[in-house]
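Have a look at this one before I ask anything.
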Amino acid sequence: MHPTRTAATPDYADEKKSLYEIWWTFGWSYETAVFMGRMVFSKTLDKYPDLKIIVHHFGGIVPMLEGRIGPGWDQIGARTSDEDYVSLRKSLKKRPIDYFKQDFYADSAVFGGEGATIAGKMFYPLEKIVFASDCPFDPEKGPMYIRETLRLIEKMDWTKEEREQVYHKNLERITGKVFVK
């Protein structure tokens, strides 16, 4: 899943469009997280437990909001009086945080962001991480994001086998296709 927000989505209600490319810089990460939340609370993931969804950019802001998604949404309904979110929460098959960690795959395309890579690595189980670089949308038109993503993955405290999982084995497992022989 890749976000689709454009400059036509304003940052504030009284504006006509998003300024300063905020729609892209922050908006895509937010939109990805919103999509994931909607998939959880709409019970789509309960209805289709074998559905495979890969979210882009390590799930955007999701790894940084683990406390809100975990203990925060464990209390959903405590802050809202006009909806019965308590019953919704109780009707889910598991905690919201568990859906985010267990039911989504996340790719490694974070524009060379070391902090984002560390946060994604800490949030998602290894078997849920797949390689992506966002090539060719870097200032060099391709090689920079590939090079930086490879550098960051090599820098993580993963074994060679664990890095191979990220590079290709996880994607091969979930798609049933062999990419590296």
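The values are calculated or read from the model by the stated rules, or taken from the named source; none is laboratory data. As the structure is a prediction and not an experimental result, all values here were calculated from the model. For neighbour counting, all protein chains shown are included, and Cβ atoms are generated from backbone atoms with ideal geometry for every residue, glycine included. Each accessible area value is taken on the protein alone, full model and side chains, heavy atoms only, with ligands, DNA and RNA left out. Shrake-Rupley method; radii C 1.70, N 1.55, O 1.52, S 1.80 Å.
Taking 30 Å as R0, compute the FRET efficiency from the Cβ-Cβ separation of SER42 and THR159 and round it to 0.05.
After rounding to 0.05, the efficiency reads 0.20.
Amide H of ILE54 versus every other amide H placed in the peptide plane: which residues, excluding those fewer than 5 positions away on the same chain, fall under 5 Å?
When sequence neighbours closer than 5 places are left aside, the close amide H contacts are TYR105.
Per residue, how much accessible area does the chain have with a 1.4 Å probe, in Å²?
The answer is 59 Å² per residue.
Let me ask another. What pairs from LYS101/LYS177; LYS52/LYS141; LYS155/LYS181; LYS90/LYS169 go past 27 Å between their alpha carbons?
LYS52/LYS141; LYS90/LYS169, as the Cα separations exceed 27 Å there.
Counting Lys +1, Arg +1, Asp -1, Glu -1, what net charge surrounds GLU161 among other residues with beta carbon under 15 Å of its beta carbon?
Details: positive: LYS160, ARG163, LYS169, ARG173; negative: GLU127, GLU154, ASP157, GLU162, GLU164, GLU172.
It works out to a net charge of -2.
Under 8 Å for C-alpha pairs, at least 6 residues apart: give me the relative contact order for region 100-152, rounded to a whole percent.
This gives 40 percent for region 100-152.
Next question. Could you work out the Kirkwood radius for the chain, taking every pair of different alpha carbons, averaging 1/r and inverting it, reported in Å?
17.7 Å
Along the Cα-to-C-beta direction of ASP98, a point sits 7 Å from the Cα; which residues of region 72-92 have their amide N less than 19 Å from that point?
Hits in region 72-92 for ASP98 at 19 Å: 72-77, 86-92.
Which residues among region 152-178 fall inside the zone where the amide N is under 20 Å from a point 7 Å beyond the Cα of GLU140, along Cα→Cβ?
152-156, 167
Would you mind telling me the share, in percent, of accessible area of the chain contributed by carbon and sulfur at probe 1.4 angstrom? Could the numbers behind the result be given before it?
Details: 5990 of 10600 Å².
Of all accessible area on the chain, carbon and sulfur atoms account for 57 percent.
Mind ranking 154-163, 54-63 by how tightly packed they are, going by the mean number of other C-beta atoms within 10 angstrom, highest first?
54-63, 154-163
Separation between the ARG79 and GLU15 pseudo-spin-labels, each 7 Å from Cα along Cα→Cβ, expressed in nm?
Each label point is offset 7 Å from its Cα along the Cβ direction, giving 2.2 nm.
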